[in-house]
Amino acid sequence: QLTPSSFLRIGQLSNVDLNEDISELETELPRQHPNEIPHNEKLLSLKYESLDYDNSENQLFLEEERRINHTAFRTVEIKRWVICAMIGILTGLVACFIDIVVENLAGLKYRVVKGNIDKFTEKGGLSFSLLLWATLNASVVMVGSMIVAFIEPVAAGSGIPQIKCYLNGVKIPHVVRLKTLVIKVCGVILSVVGGLAVGKEGPMIHSGAVIAAGISQGRSTSLKRDFKIFEYFRRDTEKRDFVSAGAAAGVSAAFGAPVGGVLFSLEEGASFWNQFLTWRIFFASMISTFTLNSVLSVYHGNAWDLSSPGLINFGRFDNEKMGYTIQEIPIFIFMGVVGGILGALFNALNYWLTMFRIRYIHRPCLQVVEAMLVAAVTATVGFVMIYCSRDCQPIQGSTVAYPLQLFCADGEYNSMATAFFNTPEKSVVNLFHDPPGSYNPMTLGMFTLMYFFLACWTYGLTVSAGVFIPSLLIGAAWGRLFGISLSYLTNGSIWADPGKYALMGAAAQLGGIVRMTLSLTVIMMEATGNVTYGFPIMLVLMTAKIVGDYFVEGLYDMHIQLQSVPFLHWEAPVTSHSLTAREVMSTPVTCLRRIERVGTVVDILSDTSSNHNGFPVVESNPDTTQVAGLRGLILRSQLIVLLKHKVFVERANLSLVQRRLKLKDFRDAYPRFPPIQSIHVSQDERECMIDLSEFMNPSPYTVPQEASLPRVFKLFRALGLRHLVVVDNRNEVVGMVTRKDLARYRLGKEGLEELSLAQT
């Protein structure tokens with residue numbers, strides 16, 4: 001399988017232990033961490049497990065399914081709808097909470113700083129204002145980054161790559177825990193209030209997914225509370241469907257785009273999809289948008305208005321003022337090309353930065369220091385830009401929340417300040433809707449340049465924050481600049497309204513960074529409330545994706561690859577028809593006999609060198625004439641439950657079991673099955689036998705060893721499998737295909753490359 005050289009490489013890597021346990025001992029044992037962690041992007045990590053999307057159809061499961069009559073199935077279906085409604089309502093409420101808290105805290109901060117700046121502008125000493133602004137930012141971000149770095153590192157970033165992996169079938173540790181949700185929400189609030197170049201939209205998707213996973217299980221393992229409801233849904237199949245609904249609800253709460261949410265779930269996430277699921281997901285998205293809308297309308301004091309469907313509202317784009325003509329289509333396509341190139345540049349810079357972070361900034365305290373540094377630098381850059389800008393605009397008729405006068409004449413305000421001295425969401429809307437002539441081209445150019453690097457530096461910090469809004473803001477700024485220069489070139493002809501170009505620039509930039517096409521088109525259409533823009537937005541996004549993919553892959557895929565996650569794409573690599581299952585599979589396979597000694601089972605499970613999770617069960621006839629054919633497949637988690645409940649047959653010939661295990665016993669242990677070390681088996685019990693026939697899955701999916709890789713891949717990916725047994729023509733087990741075996745093959749620059757596996 002592996003060449004000796006790759007074994008050597010794994011040997012060098014396994015000396016470096018990346019476990020979190022070391023960072024606990026950090027304080028007592030200084031110099032425990034190496035200063036540099038060698039990180040190789042050509043690796044797949046073995047620490048990620050797969051989700052079981054495929055039900056184990058053992059006798060217990062079949063008996064239970066046969067007992068359920070038609071009316072009971074109907075109640076299960078009703079429960080699914082109820083859960084989807086609850087997901088929608090709760091996601092909407094979380095979004096409201098984030099929005100209201102951010103608005104109040106940021107408003108407070110901006111009022112304090114504005115008062116300070118106004119005071120010191122008159123009597124000199126503006127450096128105090130800068131100090132105050134930077135200190136406020138850094139202290140807020142310090143708290144936000146400490147809770148992430150020290151309590152729950154999974155909550156860092158936007159959470160979209162993690163949820164993408166979860167829906168792809170990879171079990172990322174702690175990703176849908178309650179603790180993660182709390183840290184995520186607090187972290188988002190703190191990082192947006194701290195003035196970092198981040199948005200609060202991306203994390204809403206993660207929050208929705210956590211809410212969905214929590215509600216659908218009817219209990220909280222973090223709080224040790226079991227509500228005894230929804231027990232039927234305690235398995236990966238159901239949980240994963242609800243998580244895709246939660247992600248969709250998060251998108252629709254963030255952008256007020258329910259259809260966009262459903263399409264996001266479809267495009268980025270779920271591998272298995274059916275009509276009923278689509279309809280339920282759409283229901284959850286609609287409910288979440290509606291909840292957010294009604295609560296925010298009541299909060300803003302116009303209860304019957306329902307005017308804020310999402311956290312970000314692009315405002316209405318009128319057709320009269322903002323129509324476009326056929327001859328503008330080439331201009332839009334050109335903007336798409338620019339967006340793709342800039343997006344690829346952003347991703348490439350962020351890639352090197354993330355590699356640097358993985359290698360050198362791996363201690364939590366260093367991560368917090370870096371986050372504070374970024375916050376202080378952001379404030380300083382903003383202040384210096386505002387200070388140096390001489391771009392003054394009249395206050396009358398403008399809708400600026402915090403107009404800074406600084407060195408402008410009375411009745412005027414500094415227009416650079418509207419861009420920096422505001423939450424990013426508000427700045428985006430200003431760039432879209434301010435009348436022509438509100439911004440100086442110089443101001444926009446400087447702002448785009450600075451914000452591009454700030455946003456690039458900020459993404460991947462140890463704070464929870466999204467990349468949607470900063471990309472929209474960068475794009476809107478250069479798009480508006482583009483529109484202004486167009487109207488200069490054409491001597492101010494009517495059709496070049498800069499707001500329209502700001503919208504296209506925003507779409508191009510976001511498409512160039514994240515490379516989503518379908519869902520992003522619909523999200524932008526729904527957020528602007530204008531269907532006529534659908535076509536140009538689609539063209540811009542397609543161009544940006546094609547151009548960007550020529551250079552480097554999308555931001556989320558890049559981060560998934562940097563974390564060495566075994567992620568399966570839609571299709572097998574194109575040139576992989578020459579490989580067969582025999583070359584891909586893992587051998588040798590640890591098999592169990594149908595009636596097995598307990599001691600053997602315990603030894604196999606405790607063997608740390610092979611932490612397999614699925615074991616083929618073969619026929620246990622002692623006479624050698626018969627072939628040891630495949631009889632079924634049993635999972636590690638099932639074996640652990642059997643050992644825990646001590647389901648042993650005392651002698652091999654007597655088949656009496658003390659108490660029949662029910663499916664409920666397996667469901668109660670889900671999702672955190674106890675480790676084998678915690679189960680005590682005495683010496684006498686080791687001699688007992690254990691009968692696996694009613695617990696194993698008697699019909700696992702198998703492939704013959706001659707099957708080609710694309711065929712194996714298709715079966716594995718479409719059914720969301722975790723184990724695929726490879727058999728020869730006599731039905732004997734010859735190997736096992738798991739997710740890592742398939743994800744190893746990737747299309748590189750020189751053709752098909754095989755990644756090596758590492759324990760870290």
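The values are calculated or read from the model by the stated rules, or taken from the named source; none is laboratory data. What you see is a predicted model, and the numbers here were worked out from it, not measured in a lab. Reconstructed Cβ throughout: ideal geometry from the backbone, glycine too, with neighbour counts over all protein chains shown. Note: accessible area is taken over every heavy atom of the protein model, side chains too, but ligands, DNA and RNA are not part of it. Shrake-Rupley method; radii C 1.70, N 1.55, O 1.52, S 1.80 Å.
Within segment 741-756, the residues that satisfy the criterion of being in contact (Cβ under 8 Å) with a residue 12 or more places away in the chain and of a type in the set (Lys, Arg) are ARG744, ARG746.
The residues listed here are LEU404, LEU461; of these, the one that is aliphatic (A, V, I, L, M), under 24 Å from VAL193 (Cα atoms), in a loop (DSSP other than H, G, I, E, B) and more than 25 Å from the chain's Cα centre (by Cα) is LEU404. Can you name the residue in segment 52-82 that is free of Cβ contacts under 8 Å to residues at least 40 places away in the same chain and among the aliphatic types (A, V, I, L, M) and, of all such residues, is most open to solvent (accessible area, probe 1.4 Å)? This residue is ILE78. Considering only segment 539-634, give the helices (runs of 4 or more DSSP H) lying wholly within it that have at least 1 residues that are open to solvent by less than 50 Å² (accessible area, probe 1.4 Å), within 30 Å of SER699 (Cβ to Cβ) and of a type in the set (S, T, N, Q). Answer list for segment 539-634: 598-606. Restricting attention to segment 215-265 and to residues that are among the charged types (D, E, K, R) and on the phi > 0 side of the Ramachandran plot, the residue that is least open to solvent (accessible area, probe 1.4 Å) turns out to be LYS228. GLU49 satisfies every condition listed in (1) without any contact (Cβ under 8 Å) to a residue 12 or more places away in the chain; (2) open to solvent by 50 Å² or more (accessible area, probe 1.4 Å); (3) not β-branched (Val, Ile, Thr) except (1).
Restricting segment 83-95 to residues that are under 23 Å from ARG240 (Cβ atoms) and open to solvent by 70 Å² or more (accessible area, probe 1.4 Å) leaves a set whose member that is nearest to the chain's Cα centre (by Cα) is LEU90.
Residues being under 28 Å from PHE535 (Cβ atoms), small (Gly, Ala, Ser), at pLDDT below 75 and not assigned by the TED database to the domain that holds LEU473 are represented in segment 286-308 by at least one member. If you go through segment 334-371 and keep only what is open to solvent by less than 60 Å² (accessible area, probe 1.4 Å), aliphatic (A, V, I, L, M) and either touching a Lys or Arg at 6+ places or on another chain (Cβ under 9 Å) or in contact (Cβ under 8 Å) with a residue 60 or more places away in the chain (or both), you end up with MET335, VAL337, VAL338, LEU342, ALA344, ALA348, LEU353, MET355, ILE358, VAL368, ALA371. Scanning segment 116-151 for residues that are small (Gly, Ala, Ser), part of a helix (DSSP H, G or I) and modelled with pLDDT under 85 turns up SER127, SER129.
Per the listing LEU431, LEU473, the residue uniquely modelled with pLDDT under 90, within 20 Å of ARG316 (Cβ to Cβ) and crowded, with 21+ Cβ neighbours inside 10 Å is LEU431. Just one of the listed residues (ILE172, ILE183) is surrounded by fewer than 24 Cβ atoms within 10 Å (Cβ to Cβ) and more than 24 Å from ALA455 (Cβ to Cβ), namely ILE172.
When ILE604 is tested against (1) touching a Phe, Trp or Tyr at 6+ places or on another chain (Cβ under 9 Å); (2) more than 30 Å from GLY751 (Cα to Cα); (3) in contact (Cβ under 8 Å) with a residue 24 or more places away in the chain, just one condition goes unmet, and that condition is (3). Apart from one condition, ILE211 fits all of (1) open to solvent by 20 Å² or more (accessible area, probe 1.4 Å); (2) of a type outside the set (Gly, Ala, Ser); (3) under 29 Å from TYR232 (Cα atoms); the exception is (1). For TYR299, the test of being open to solvent by 60 Å² or more (accessible area, probe 1.4 Å) and touching a Pro at 6+ places or on another chain (Cβ under 8 Å) is failed. Is there any pair with a first residue in segment 245-271 that is at pLDDT below 90 and a second that is outside any helix (DSSP H, G or I) and of a type in the set (Phe, Trp, Tyr) whose Cβ atoms are under 7 Å apart and which are 6 or more apart or on different chains, and what are they? From segment 245-271, the pairs are LEU266/TRP273.
Scanning segment 272-292 for residues that are open to solvent by 10 Å² or more (accessible area, probe 1.4 Å) and either under 15 Å from GLY208 (Cα atoms) or in contact (Cβ under 8 Å) with a residue 40 or more places away in the chain (or both) gives PHE272, ARG280, PHE282, PHE283, MET286, ILE287, THR289, PHE290, THR291.
The residues listed here are GLY483, GLY475; of these, the one that is in contact with a Gly (Cβ under 8 Å, 6 or more places away or on another chain) and either closer than 28 Å to ALA379 by Cα or not assigned by the TED database to the domain that holds THR378 (or both) is GLY475. In the condition set (1) more than 21 Å from the chain's Cα centre (by Cα); (2) modelled with pLDDT of 90 or more, CYS186 is compliant with all but (1).
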